[in-house]
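Since the structure comes first, as structure tokens, the remarks are kept for the end.
The values are calculated or read from the model by the stated rules, or taken from the named source; none is laboratory data. Here the structure is a predicted model, which is why all the values come from computation and not from measurement. As a convention, Cβ positions derive from the backbone with ideal geometry for all residues, glycine included, and neighbour counts pool all protein chains shown.
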Amino acid sequence: MAAATPAPATIHASAILVGARALLIRGPAGSGKSRLALELLDAARTGSLVFAKLVADDRVHLKAASGRLLASPPAELAGLLEVRGVGILKLDHEPSAVVGLVVDLGVEAAERLPDPRQRETAIEGVRLPRLAVAPGAAPLPGVLALITSPHDAWI
């Protein structure tokens with residue numbers, strides 16, 4: 001009998017596919033995870049980004065595979081995005097995406113010029129670039145600066 005495949009880890013986060021890689025957006029409740037996801041989707045709609053699509057909001061399944069971290073939505077939340085003051089939106093979504101950048105919101109120790117060691121993290125044994133955003137700071141400018149950089153530092 002074959003061993004059961006372990007269930008993917010589930011975390012409170014959002015994931016947005018931007019180009020070929022997903023951004024995994026983590027942070028405490030109320031830190032703006034869904035808002036940043038919506039802003040990235042809007043940036044693609046208005047042409048600031050070439051492509052962005054929802055992977056998951058509120059909870060994200062994560063699984064390491066062949067040295068990459070895969071993000072997918074729980075079935076009951078697939079295609080749903082919460083917009084504060086509006087409610088739940090039903091959107092097209094990607095069923096799975098490779099994570100290329102972790103954005104951590106509400107990080108008290110976030111520095112203006114972080115040490116290179118603070119610009120990466122490991123999840124499920126996979127090392128990934130990381131952007132730490134201080135509480136109250138607008139995350140979109142830093143995210144756009146990283147993901148539109150010509151040297152592709154985030155993937």
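Would you mention how many residues in segment 50-67 are within 18 Å of I147 (Cα to Cα) and modelled with pLDDT of 95 or more?
Residues flagged as within 18 Å of I147 (Cα to Cα) and modelled with pLDDT of 95 or more within segment 50-67 amount to 5.
Working only within segment 45-73, note down all residues that are over 15 Å from the mean Cα position of the chain (by Cα) and not charged (D, E, K, R).
T46, G47, S48, L49, V50, A64, A65, S66, G67
For residues in segment 1-39 being among the small types (G, A, S), assigned to a strand (DSSP E or B) and modelled with pLDDT of 95 or more, which is farthest from V50 (Cα to Cα)?
Of everything passing the filter in segment 1-39, A13 is farthest from V50 (Cα to Cα).
Let me spell it out: the conditions are (1) out of contact with any Ser or Thr (no Cβ under 9 Å at 6 or more places or on another chain); (2) loosely packed, with under 15 Cβ neighbours inside 10 Å, and V126 meets all of them except one. Which number is the exception?
The number of the failed condition is (2).
Take the conditions of a type outside the set (S, T, N, Q) and either in contact with a Cys (Cβ under 9 Å, 6 or more places away or on another chain) or exposed (fewer than 15 other Cβ atoms within 10 Å of the Cβ) (or both) and apply them to K63. Does it pass?
So K63 fails the test.
Quick one: S72 ticks every box in (1) touching an Asp or Glu at 6+ places or on another chain (Cβ under 8 Å); (2) crowded, with 18+ Cβ neighbours inside 10 Å; (3) of a type in the set (S, T, N, Q) bar one, so which box is it?
With respect to (1) touching an Asp or Glu at 6+ places or on another chain (Cβ under 8 Å); (2) crowded, with 18+ Cβ neighbours inside 10 Å; (3) of a type in the set (S, T, N, Q), S72 is out only on (1).
Scan segment 15-52 for residues that are buried (at least 17 other Cβ atoms within 10 Å of the Cβ), free of Cβ contacts under 8 Å to residues at least 60 places away in the same chain and either in contact with a strand residue (DSSP E or B) (Cβ under 7 Å, 6 or more places away or on another chain) or farther than 12 Å from E82 by Cβ (or both) and report the count.
Residues meeting the conditions: 7.
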